[in-house]
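The values are calculated or read from the model by the stated rules, or taken from the named source; none is laboratory data. Here the structure is a predicted model, which is why all the values come from computation and not from measurement. A quick note on method: Cβ atoms are made from the backbone with ideal geometry, for glycine too, and the neighbour counts reach across all protein chains shown. Accessible surface areas use protein heavy atoms only, side chains included; no ligands, DNA or RNA. Shrake-Rupley method; radii C 1.70, N 1.55, O 1.52, S 1.80 Å.
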Amino acid sequence: EPVLSLDAVEKCYNRGLPGEVSVLRGASLSVAPGEVVALVAPSGAGKSTLLHIAGLLDTPDSGAVRIAGADMTGQSDRRRTAARRADIGFVYQFHHLLPEFTALENILLPQLAAGTPRAAAEARAMDLLTRVGIAPRAGHRPAALSGGEQQRVAFCRALANRPRLLLADEPTGNLDPGTSDTVFGALMELVRETGLAALIATHNLDLAARMDRTLHLETGRLV
Ligand code: ADP
Ligand code: ADP
């Protein structure tokens with residue numbers, strides 16, 4: 001059973017108004033457990049819209065969004081938020097770490113919010129930091145970390161609560177090419193080890209080639 005599936009999703013902004021723009025026009029995809037799928041789209045093609053809908057942050061005008069088989073279409077905001085927190089991890093181009101907290105604390109916070117006991121949360125955070133090779137940086141605040149290190153911490157935070165699905169929007173887009181390559185390698189290892197499904201938007205075709213499959217978003221559909 002797919003972790004994520006979108007079926008004939010339509011999304012239009014400003015319907016019936018002068019600025020009407022039909023962004024998704026029957027977009028369908030599915031991502032299986034353990035599968036890493038690249039999402040490649042020209043700027044303005046609707047990549048963010050698609051990721052927001054897949055991440056239950058926005059709703060389609062029509063079509064279905066299923067997370068682990070459960071149809072999220074028409075669910076209440078409360079149910080959608082609960083599903084998002086339980087099942088989905090997000091990574092963005094910019095790390096969005098909380099500046100006043102250390103790397104370790106940034107990875108602890110979502111776990112404590114989810115009710116994980118502190119000792120277990122710390123063990124989980126240190127395990128993740130070790131896997132991405134930056135355990136010695138656990139006590140540093142984001143400002144004391146390099147861009148690549150900051151982004152590794154963001155990956156650890158996204159995976160802290162063991163989501164089934166990772167959604168990433170240009171996760172290495174603000175890094176120089178060499179760093180991007182290494183940091184992407186660390187992300188792929190984490191994803192492979194945890195067996196979660198991932199949908200990763202990128203403009204970088206070399207990175208896309210390292211994933212299992214590439215979907216191109218063109219004129220509102222996935223090919
Ligand atoms: P991408 O992430 O591929 O650059 P987006 O999903 O952000 O694309 O946007 C796709 C199109 O929809 C663009 O033309 C954008 O201007 C438009 N758009 C995005 N969000 C809104 C919104 N909230 N209201 C109106 N138009 C929007
Ligand atoms: P919490 O309130 O526990 O921080 P939310 O359920 O609000 O978490 O959000 C879950 C994830 O979705 C977080 O990683 C957050 O960064 C992301 N998120 C929430 N709202 C938005 C938004 N409007 N745009 C992009 N990402 C968002």
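Some values worked out for this structure:
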| read-out | value |
| --- | --- |
| Length added when fully stretched, ALA82-ALA144, from 0.36 nm per residue minus Cα-Cα | 19.0 nm |
| Contact order normalised by residue count of the chain, Cα under 8 Å, 6+ apart, percent | 31 |
| Estimated FRET transfer efficiency when R0 is 22 angstrom, pair ARG162-ASP206 (beta carbons, to 0.05) | 0.15 |
| Percent carbon-and-sulfur accessible area, the stretch 90-142, ignoring ligands, DNA and RNA, probe 1.4 Å | 63 |
| Virtual paramagnetic centre 7 Å along Cα→Cβ of VAL21, amide N under 18 Å, in the stretch 44-60 | 44-54, 58-60 |
| Fraction of accessible area attributable to carbon and sulfur, the stretch 12-60 (%, probe 1.4 Å) | 52 |
| Accessible surface, per residue, of the chain when the full set of protein chains is kept, probe 1.4 Å, Å² | 46 |
| Loop GluC sites (Glu not before Pro), the stretch 58-153 (other Cβ atoms within 10 Å of the site Cβ: 14 or fewer; DSSP) | GLU100 |
